[in-house]
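Engineer: The structure is given below, and queries will be raised subsequently.
The values are calculated or read from the model by the stated rules, or taken from the named source; none is laboratory data. This structure is a prediction, so every number in the text was calculated from the model and none was measured. So basically every Cβ, Gly included, is an ideal-geometry build from the backbone, and we count neighbours across all protein chains shown. For accessibility, only protein heavy atoms count, side chains too; no ligands or nucleic acids. Shrake-Rupley method; radii C 1.70, N 1.55, O 1.52, S 1.80 Å.
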Amino acid sequence: MIDFLDFKVFLKFTKRARNIRLKINKQGKISCSLPFYITQKTAINFLNTHKDWLVKTHEKISANLPKDDEFCLLGKIYKIKFDENLKAVLLKEGEILTPNLKRLEEFKKSEAKRIFNNFIDKFSSIINRKINRVVIRKMQTRWGSCNWRKGYINLNLNLIEKESELIEYVVLHELTHLIYPHHQSSFYEFLKSVMSDFKEREKRLNNKNI
């Protein structure tokens, strides 16, 4: 990790990298993937070349992150209001009312389960593969994953913060791996046949890399 401007940049040297790639994830974490032979000085020169993009993109992502007193659901940010007299979480215009944080987390999980399963049900007949288990949990680096041999689907709990059409894309993406356990052309051809605008949704979901 190095300090650059006011940022912490995580350097990842790998033999698989052919070029230098700069990325800012959804939490605002900055990482730079480099071929193993690249020096730190070269990496810093690369950051200097792209510092305007780095600053602007980080500001944009940071502005969209919910604050400690905010709750994000389906692409909308709600102000958290506590009312210990409430028995359930309530959504109002621009506000979410809850008796406590524990109940709010339970609400988030139940909404994620309901919405994710709705999309799974929507595509199940198209996929025509047995789904043996669906796990919803917080994940650090992925929106979802699939174990096609066991028929397991894993989905990131925080995906519930995104717009419904982006959730729909991730669900379809992972379900498609039950048929095509790779990212070859046949995988993307199937995706496109079901969701013609999947590339646009993918771009909206993930930050652009340099």
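Engineer: So THR42 passes all but one of these: (1) surrounded by fewer than 15 Cβ atoms within 10 Å (Cβ to Cβ); (2) β-branched (Val, Ile, Thr); (3) touching a Ser or Thr at 6+ places or on another chain (Cβ under 7 Å). Which condition number does it fail?
Structural biologist: Only one criterion in (1) surrounded by fewer than 15 Cβ atoms within 10 Å (Cβ to Cβ); (2) β-branched (Val, Ile, Thr); (3) touching a Ser or Thr at 6+ places or on another chain (Cβ under 7 Å) is unmet by THR42, namely (3).
Engineer: Counting residues that are open to solvent by less than 20 Å² (accessible area, probe 1.4 Å), which strands (runs of 3 or more DSSP E) fully inside region 104-198 reach at least 1?
Structural biologist: 144-147, 152-156
Engineer: Name the pairs whose Cβ atoms lie under 7 Å apart, with the first residue in region 10-22 and among the polar types (S, T, N, Q), the second open to solvent by less than 100 Å² (accessible area, probe 1.4 Å), and 6 or more positions between them or separate chains?
Structural biologist: Once the first residue is among the polar types (S, T, N, Q) and sits in region 10-22, its partners that are open to solvent by less than 100 Å² (accessible area, probe 1.4 Å) give THR14/SER33.
For every residue, the table says whether it meets (1) at pLDDT below 90; (2) touching a strand residue (DSSP E or B) at 6+ places or on another chain (Cβ under 9 Å); (3) aromatic (Phe, Trp, Tyr).
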| site | (1), (2), (3) |
| --- | --- |
| LEU5 | yes, no, no |
| LYS15 | yes, yes, no |
| ILE20 | no, yes, no |
| GLN27 | yes, no, no |
| SER33 | no, yes, no |
| PHE36 | yes, yes, yes |
| LEU47 | no, yes, no |
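Engineer: Can you tell me which of (1) under 20 Å from the mean Cα position of the chain (by Cα); (2) closer than 30 Å to PRO99 by Cβ is the one ASN85 doesn't meet?
Structural biologist: (1)
Engineer: Could you say whether any residue in region 60-70 is open to solvent by less than 50 Å² (accessible area, probe 1.4 Å), modelled with pLDDT of 90 or more and either closer than 17 Å to LEU159 by Cα or outside any loop (DSSP other than H, G, I, E, B) (or both)?
Structural biologist: no
Engineer: In addition: Look through region 11-39, keep the residues that are hydrophobic (A, V, I, L, M, F, W, C) and part of a loop (DSSP other than H, G, I, E, B), and return whichever of them is most open to solvent (accessible area, probe 1.4 Å).
Structural biologist: Applying the filter and picking the extreme gives PHE36.
Engineer: Restricting the first residue to region 132-151 and requiring it to be closer than 11 Å to HIS177 by Cα, which pairs with a second residue that is assigned to a loop (DSSP other than H, G, I, E, B) and open to solvent by less than 40 Å² (accessible area, probe 1.4 Å) meet a Cβ separation below 7 Å and a spacing of at least six or different chains?
Structural biologist: Going by the 7 Å Cβ cut-off, the qualifying pairs are CYS146/HIS177; CYS146/LEU178; TRP148/HIS177; TRP148/LEU178; GLY151/LEU178.
Engineer: Provide a single number: the residues in region 146-180 that are of a type in the set (S, T, N, Q) and over 16 Å from ARG133 (Cβ atoms).
Structural biologist: 3
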